[in-house]
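K.L.:
Sharing a structure here in structure tokens format.
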Amino acid sequence: MKQIAPIPVGEIPQSHHPFVIAEATEYFAGKRGSVKKRTPAKYDLAILYNPDDELAPSNKKALEKFVKAAESMGLGAEIISRDDYARIAEFDALFIRETTQVNHHTYRFARRAATEGLVVMDDAESILKCANKVYLAELLVRNKVPAPKTMIVHSDNIDEIAPTLGYPVVLKQPDAAFSQGVVKCENEKILRQRVEEFLAKSELVIAQEFLPTVFDWRICICDGQPLFACKYHMADGHWQIIKKEAEGKLDFGRFETIPVEIAPRHVVRAALKAAKPIGNGLYGVDLKQTAGQCYVIEVNDNPNIDAGVEDKILKGELYRRIMDVFLRRIERKKAGFEDE
């Protein structure tokens with residue numbers, strides 16, 4: 001085994017003397033660069049992410065910007081995966097940047113983090129409310145939020161769909177997300193076929209009137225404050241913003257991100273009204289605007305924040321605002337306060 005040990009000066013080989021003299025002279029002259037010590041983070045933030053998630057709510061560049069914004073505020077940010085479930089208690093906060101589902105590790109992470117006293121966004125309750133489209137539809141009606149005409153369909157009221165909503169009609173599975181599990185039915189034959197398929201998987205299905213628009217509004221809200229507005233245009237030749245090709249490839253429509261201050265006021269007001277009963281997390285409210293009216297389609301937890309898309313207007317400030325919410329909530333929790 002090789003060992004490292006000091007040797008007397010007299011044993012330094014003659015050929016090494018110039019190097020040793022130069023290094024010693026530089027050291028005693030104080031010219032050697034000192035190692036810069038990194039200031040320890042005051043709090044630790046875990047960002048849950050899956051690089052294989054086809055529809056991940058943030059791309060890698062956005063994650064880098066979240067980490068940078070966090071560190072500028074004294075938050076030590078670490079990207080974690082589902083394999084880090086046992087480490088949750090090491091952190092002060094959890095930020096989920098992965099597609100959430102109820103019967104999924106993202107929901108388990110949110111619940112475990114809350115149990116351990118972490119600040120969580122989005123929290124398990126928000127995931128539950130947004131994931132269940134039946135509950136969400138009833139919640140919007142109960143809070144008098146403008147929405148398309150909607151029916152909760154079951155095996156006994158199938159015949160009432162067409163007379164109530166007309167054609168085309170949009171059907172949604174209770175756990176539909178990112179345009180998946182959502183179909184448009186043009187006639188009675190297709191409607192009955194699709195309803196039977198959906199009811200084979202769930203006792204209840206959402207049916208809505210079809211509102212044709214060239215784009216959907218997305219208002220992003222965090223901690224009860226609107227951050228940005230985005231127009232997601234329909235994919236070419238399709239009625240949704242995402243079109244899945246036969247070979248499985250996803251085709252997205254173009255986008256326009258604008259300052260929330262210049263978005264139509266009634267659209268922003270409707271979005272805020274829809275998000276309030278969900279909670280005070282990070283939400284994306286989807287709306288359609290037609291004939292001077294706007295209608296809330298749904299509220300999404302963990303909305304898309306991709307570098308080069310949703311940050312077009314606020315740029316780095318978008319990431320700082322979200323990280324500031326984490327910092328304030330962590331400090332309140334450490335001080336013994338609970339968020340309302």
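K.L.:
So PRO163 passes all but one of these: (1) surrounded by fewer than 18 Cβ atoms within 10 Å (Cβ to Cβ); (2) touching a strand residue (DSSP E or B) at 6+ places or on another chain (Cβ under 8 Å). Which condition number does it fail?
P.N.:
(2) is the only condition that PRO163 fails.
K.L.:
In the range 301-340, what count of residues is obtained for those that are in a loop (DSSP other than H, G, I, E, B), of a type in the set (A, V, I, L, M, F, W, C) and over 13 Å from PHE228 (Cβ atoms)? Talk me through it step by step, then tell me what you get.
P.N.:
First pass over the range 301-340, keeping only residues in a loop (DSSP other than H, G, I, E, B): 302-315, 335-340.
Narrowing further to those that are of a type in the set (A, V, I, L, M, F, W, C): 305, 307, 309, 313-314, 335, 337.
Cutting the leftovers down to over 13 Å from PHE228 (Cβ atoms) gives us 307, 335, 337.
Residues in the range 301-340 being in a loop (DSSP other than H, G, I, E, B), of a type in the set (A, V, I, L, M, F, W, C) and over 13 Å from PHE228 (Cβ atoms): 3 in total.
K.L.:
Could you run through the range 112-131 and say how many residues are farther than 21 Å from GLY224 by Cα and surrounded by fewer than 17 Cβ atoms within 10 Å (Cβ to Cβ)?
P.N.:
Keep residues of the range 112-131 that are farther than 21 Å from GLY224 by Cα, which gives 112-113, 115-117.
This time we only want the ones that are surrounded by fewer than 17 Cβ atoms within 10 Å (Cβ to Cβ), so: 115-117.
Of the residues in the range 112-131, 3 are farther than 21 Å from GLY224 by Cα and surrounded by fewer than 17 Cβ atoms within 10 Å (Cβ to Cβ).
K.L.:
Follow-up. Residue pairs, Cβ under 8 Å, 6 or more apart or interchain, first in the range 185-199 and more than 15 Å from LEU165 (Cα to Cα), second aromatic (Phe, Trp, Tyr) and surrounded by 13 or more Cβ atoms within 10 Å (Cβ to Cβ). List them.
P.N.:
Qualifying pairs under 8 Å: none.
K.L.:
Then there is this: Inside the range 221-280, counting only strands (runs of 3 or more DSSP E) that do not spill past its ends, which hold 3 or more residues that are of a type outside the set (A, V, I, L, M, F, W, C) and under 21 Å from ALA147 (Cα atoms)? Quick ask: steps written out before the conclusion?
P.N.:
Details: elements: 225-233, 242-244, 250-252, 255-258.
Of the strands (runs of 3 or more DSSP E) lying wholly inside the range 221-280, those with at least 3 residues that are of a type outside the set (A, V, I, L, M, F, W, C) and under 21 Å from ALA147 (Cα atoms) span 225-233.
K.L.:
Sticking with this one: Which condition from (1) surrounded by fewer than 20 Cβ atoms within 10 Å (Cβ to Cβ); (2) touching a residue at least 12 places away in the same chain (Cβ under 8 Å) is the one that GLY181 breaks?
P.N.:
Single failed check for GLY181: (2).
K.L.:
Can you go through GLY284, GLY292, GLY316 and tell me which one is surrounded by fewer than 23 Cβ atoms within 10 Å (Cβ to Cβ) and under 30 Å from ALA207 (Cα atoms)? Even if it seems obvious, please write down each step before you answer.
P.N.:
Numbers: GLY284 fails: surrounded by fewer than 23 Cβ atoms within 10 Å (Cβ to Cβ); GLY316 fails: under 30 Å from ALA207 (Cα atoms).
Residue meeting the stated conditions: GLY292.
K.L.:
For GLY336, indicate whether it is at pLDDT below 95, of a type outside the set (S, T, N, Q) and surrounded by fewer than 16 Cβ atoms within 10 Å (Cβ to Cβ).
P.N.:
Details: at pLDDT below 95: yes; of a type outside the set (S, T, N, Q): yes; surrounded by fewer than 16 Cβ atoms within 10 Å (Cβ to Cβ): yes.
It is true that GLY336 is at pLDDT below 95, of a type outside the set (S, T, N, Q) and surrounded by fewer than 16 Cβ atoms within 10 Å (Cβ to Cβ).
The values are calculated or read from the model by the stated rules, or taken from the named source; none is laboratory data. In this text the structure is predicted, and so the values were computed from the model without any measurement. A quick note on method: Cβ atoms are made from the backbone with ideal geometry, for glycine too, and the neighbour counts reach across all protein chains shown.
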